[in-house]
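Here's the structure we're looking at; comments come further down.
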Amino acid sequence: MSDWSREPSGLTETDQSLTSSGNDSTMNDRTAMVAARLKDVYRKWVLPVEKKYRYDYFFESPFLSAIEFDSKPQVMLVGQYSVGKTSFIRYLLGRDFPGQRIGPEPTTDRFTVLINGPE
C-alpha cells in the first residue's frame, strides 16, 4: 500500500502538527500537501496507464497538466427549472447572492457565474 494511505499513528511530526492545529495557514498548508500528493499520484501511477491505453486518443481528452491541477475548479449546475439549483447554491454559500430569484415558474433566463473574492 502507498505511503499516503497511512494510519494516523504513522504520521510524521509535520503531519501531526498540521492535523492538530486549525488556523487558516495550517489549512492552506494541508491543502497544498494534499494537492502535491495528488499530482504525484497522477504523474507516477495514472498518467502511465493513460498513455499505455491511449486514453487521449480514444476518449478525446488530453492528459492533465500541472497547470490544470493548480487552477481553481469550475462547477456547472444544469437541470430543469424549479428543481433546486439556486437553493443548492444558496445552501453552499450560506447566504443569498446578487441576481438570485426563486419562484415556482422559470426565473433564471441566463447563466450566472459566481466567483470567490473579497466581496
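The values are calculated or read from the model by the stated rules, or taken from the named source; none is laboratory data. None of these values were measured; they are calculated from a predicted model. Please note: Cβ atoms are built from the backbone with ideal geometry, for glycine as well, and neighbour counts cover all protein chains shown. We work out accessible area using only protein heavy atoms, side chains counted, and drop any ligands, DNA or RNA first. Shrake-Rupley method; radii C 1.70, N 1.55, O 1.52, S 1.80 Å.
Of note:
- Cβ pairs under 8 Å, 6+ apart, first in the stretch 55-84 and within 30 Å of ALA32 (Cβ to Cβ), second open to solvent by 70 Å² or more (accessible area, probe 1.4 Å): TYR55/VAL49; ASP56/PRO62; SER61/TYR55; PHE63/LYS51; PHE63/TYR55; PHE69/LEU38; LYS72/ASN116; LEU77/PHE88
- Filter result (surrounded by 10 or more Cβ atoms within 10 Å (Cβ to Cβ) and part of a loop (DSSP other than H, G, I, E, B)) within the stretch 77-95: LEU77, TYR81, SER82, VAL83, GLY84
- The stretch 49-67, residues that are part of a helix (DSSP H, G or I) and loosely packed, with under 12 Cβ neighbours inside 10 Å: VAL49, LYS51, LYS52, TYR57, PHE58, ALA66, ILE67
- Yes/no for ASP24 being under 30 Å from THR112 (Cα atoms) and at pLDDT below 80: yes
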